[in-house]
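Colleague: Dropping a structure here in structure tokens format, bear with me for questions.
The values are calculated or read from the model by the stated rules, or taken from the named source; none is laboratory data. Please read these numbers as outputs of a predicted model, since none were measured by experiment. Here the Cβ positions follow ideal geometry from the backbone for every residue, glycine too, while neighbour counts run over all protein chains shown.
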Amino acid sequence: MIKKNQVTLNDVAKKAGVSPSTVSRVISNSSRISDATKERVLKCMDELGYYPNAIARSLAKNKTGNIGVIMPTRSEDIFLNPFFPEALRGIVRSAANAGYDILLSTNTELENELNSIKNLIRGSKVDGIVLMSSKIDDESIDYLSSIDFPFSLIGSPYKVDNGINHVDNDNFMAAYELTMYLTLMGKKNIAMIAADPSLMVTKKRIEGYKKAIEESNLNFNEKQLFIGSFDEETGYKYGREILELDSRPDAVIVTDDLVAFGAIQVLESLNIRIPEDIAVASFNNSVLSRYSQTPFTSVDVNAYDLGLEAIDLLVEAIENDVRNRKVLIPYKIHKRESTRIV
């Protein structure tokens, strides 16, 4: 009996009655080998206790079995935002189903994101990359496209004709519909708190908000568009500033639940009634929106599904050389106490 730790590829080949090169092709899952031969070789591997070295197997497949996930800038704060853990949950689930492991790359400086991507690729650490956000004139997208390295994007690319696999919501229509809903609730003076205008998701939501304001024959006031970051502090800051406007808004749309949570906290601390004085609506439908002291209306973008589809698109790019696929994930507005008097 051959000891398991002494079993070699040649031993498997001999027992299965095939050549060593055939065993190698079975290990690399080559389409050149018949199902019957694969089954016989795999059975012999099991009987002999032969487990090919992981590095050797990756070389045989010319694959690492890893996917790199690039988190947005300011990663030290990013996990405080419920969207990203939920999207990562979908990413991890889908990657595991496809047989890949995840390498998480985080950055605290904007200029380091591209360097992180280059290091992953040059070090042959990953087979493909998921970008968790899309920026206007995004150098990471431009670089990955220029070298034709497999990647997928959560969000929409700024350039529409560059053959990028991406998954997104219709953020323009979501913001448009949310704004129109507030006008139907009788709101006439609607402000917006927007996080990070360099991101495509923010750009589209601002555009949808402005379009709804225009079509409702309301006046858009640039002073009522507040630009900040994806954090509570942005909500605290602009929640106070809204109250200092000459014409106080009767509603505010916020582009992220974490920011909205901060805004509601400060408004309520100043005895502003929600929604009677100011209605509040937001995006992401996170646990914050459901269990805030005043549960607030929020658009569910289905972050888990965005993560799932991002991996599916990437695996298609890696394994089948698929490019230029777009998946649109539906959104749903969950209407709560922050926009209606109950």
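Colleague: Please give the number of the condition Phe230 fails out of (1) within 29 Å of Leu306 (Cα to Cα); (2) assigned to a loop (DSSP other than H, G, I, E, B); (3) over 16 Å from the mean Cα position of the chain (by Cα); (4) of a type in the set (Phe, Trp, Tyr).
Modeller: (3)
Listed here are the residues, each with its yes/no results for (1) at pLDDT 75 or above; (2) surrounded by 17 or more Cβ atoms within 10 Å (Cβ to Cβ); (3) touching a Ser or Thr at 6+ places or on another chain (Cβ under 8 Å).
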position	(1), (2), (3)
Arg25	yes, yes, no
Glu39	yes, no, no
Tyr50	yes, yes, yes
Ile67	yes, yes, no
Arg89	yes, no, no
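Colleague: Also, I was wondering about something else. Based on this model, can you work out whether Asn217 counts as more than 20 Å from the chain's Cα centre (by Cα) and either outside the structural domain of Tyr143 (by TED's automatic domain parsing) or more than 18 Å from Ala263 (Cα to Cα) (or both)?
Modeller: The answer is yes for Asn217.
Colleague: For the range 207-227, how many residues meet the condition of being over 23 Å from Val266 (Cα atoms) and part of a helix (DSSP H, G or I)? Talk me through it step by step, then tell me what you get.
Modeller: As a first pass, look at the range 207-227 and keep what is over 23 Å from Val266 (Cα atoms): 207-220.
Now drop any that are not part of a helix (DSSP H, G or I), which leaves 207-215.
Total meeting the criteria: 9.
Colleague: Tell me whether the range 121-129 contains one or more residues that are under 19 Å from Leu314 (Cα atoms), of a type in the set (D, E, K, R) and not in a helix (DSSP H, G or I).
Modeller: yes
Colleague: Residues of the range 1-19 being modelled with pLDDT of 85 or more and touching a helix residue (DSSP H, G or I) at 6+ places or on another chain (Cβ under 7 Å), which ones? Lay out the reasoning, then the answer.
Modeller: From the range 1-19, those modelled with pLDDT of 85 or more are 10-19; that's our starting set.
Hits for the range 1-19 are Asn10, Asp11, Val12, Ala13, Lys15, Ala16, Val18, Ser19.
Colleague: Kindly list, by first and then second residue, each pair from a residue in the range 161-182 that is free of Cβ contacts under 8 Å to residues at least 40 places away in the same chain and assigned to a loop (DSSP other than H, G, I, E, B) to a residue that is among the hydroxyl-bearing types (Ser, Thr, Tyr) and surrounded by fewer than 24 Cβ atoms within 10 Å (Cβ to Cβ), limited to pairs with Cβ atoms under 6 Å and residues at least 6 apart or on different chains.
Modeller: Asn162/Ser145
So that you can scan it fast, the table gives a plain yes or no per residue for (1) at negative phi; (2) touching a residue at least 12 places away in the same chain (Cβ under 8 Å); (3) among the hydrophobic types (A, V, I, L, M, F, W, C):
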{"position": "Glu214", "(1), (2), (3)": "yes, no, no"}
{"position": "Gly235", "(1), (2), (3)": "yes, yes, no"}
{"position": "Arg240", "(1), (2), (3)": "yes, yes, no"}
{"position": "Pro249", "(1), (2), (3)": "yes, yes, no"}
{"position": "Val252", "(1), (2), (3)": "yes, yes, yes"}
{"position": "Asp256", "(1), (2), (3)": "yes, yes, no"}
{"position": "Phe261", "(1), (2), (3)": "yes, yes, yes"}
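Colleague: When you go through (1) without any contact (Cβ under 8 Å) to a residue 24 or more places away in the chain; (2) aromatic (Phe, Trp, Tyr); (3) buried (at least 20 other Cβ atoms within 10 Å of the Cβ) one by one for Phe220, which number turns out not to apply?
Modeller: So Phe220 meets the others, but not (3).
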